[in-house]
Amino acid sequence: MASSPTELPIHRFNSFDGVELAYREMGEGRPLVLIHGYFSTAMVNWVRYGHAGKIADRGYRVIMPDLRGHGDSARPHDPAAYPHDALADDGFALIEHLGLTDYDLGGYSLGGRTAMRMLARGAKPGRAIVAGMGLDGILNTAGRGGYFRRVLTNLGSFERGTPEWLTEAFLKTVQGDPVALLNVLDTFADTPREAVEAIAMPVLIVAGKDDDDNGSAEALADLLPHGRHGVIPGNHMSAVTRPELGIAIAEFLSE
């Protein structure tokens, strides 16, 4: 096992269409697949701020993929490498690759939406976590996708301090690939309201107190038969850095 989080080895596998994806693991025990947000990486979302460590300490094997077009996964520039709903297909491919049958599933922002897509398409984790995501971001992906498309196609033009400028600054810190990330937008898939209402397992919907980027987290929790709404400090960008996120996930899974 790695002696420190920064030494987590990179594992690789070929997804459903042959695109090579990367993932890292921390801890031992019950498997938990955690998916990061758009522009980000597994290391940034889950390892850097201690969330994976907190969860691993509760007896979990935390499995953290890098989405296609992100991090250490392949970043093809060919639009054909980004079919509709490919991120959910990648999630299913990882679960198949690892032979997981009894596991939990979660994600932050785009990762939370990807987890929701997997649930709507038949994934059967024992518990699920959808963080940094609200009902609008599940039912209608075009709105938030349009914002990112505008940023990626107008890089270098935004006034310092604006949301767009901050988004671009984050892109630079993670050394994101604008071409690949623009293509990722074409994978976005809406989930119908009735599909959300049919998700049967316990789901934690947790978001920052000031995070309304993807609509109401409380409304999403209310729509789920066994949804629970959790609130942590911060907005969409800052909540993922707060220790309360990892604590909320760990406590939910340990119940």
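No lab work stands behind these numbers, since they all come straight from the coordinates. All values reported here derive from a predicted model rather than from experimental measurement. Ideal geometry is used to build each Cβ from the backbone, glycine not excepted, and the neighbour counts take in all protein chains shown.
Structure data summary
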read-out	value
Pairs where the first residue, in region 121-133, is on the phi > 0 side of the Ramachandran plot and the second is of a type in the set (S, T, N, Q), C-beta under 7 Å, 6+ apart	G132/S109
Within region 142-255, helices (runs of 4 or more DSSP H) holding 1 or more residues that are hydroxyl-bearing (S, T, Y) and under 28 Å from R58 (Cβ atoms)	236-239, 243-254
Region 126-141: number of residues that are part of a loop (DSSP other than H, G, I, E, B) and closer than 16 Å to V206 by Cβ	4
Selection within region 65-109 - touching a strand residue (DSSP E or B) at 6+ places or on another chain (Cβ under 8 Å), among the acidic types (D, E) and crowded, with 16+ Cβ neighbours inside 10 Å	D66, D72, D90, D104
Members of region 142-187 that are in contact (Cβ under 8 Å) with a residue 24 or more places away in the chain, of a type outside the set (S, T, Y) and closer than 19 Å to A207 by Cβ	R144, G145, F148, L166, F170
Set T173, T162, T187, T114: member being more than 28 Å from E28 (Cα to Cα), of a type outside the set (K, R) and touching a helix residue (DSSP H, G or I) at 6+ places or on another chain (Cβ under 7 Å)	T187
In region 190-215, residue surrounded by the fewest Cβ atoms within 10 Å (Cβ to Cβ) [restricted to those that are in contact with a strand residue (DSSP E or B) (Cβ under 9 Å, 6 or more places away or on another chain) and of a type in the set (G, A, S)]	G208
1 or more residues in contact (Cβ under 8 Å) with a residue 40 or more places away in the chain and within 16 Å of the chain's Cα centre (by Cα): qualifying strands (runs of 3 or more DSSP E) within region 1-113	20-26, 30-35, 60-65, 104-108
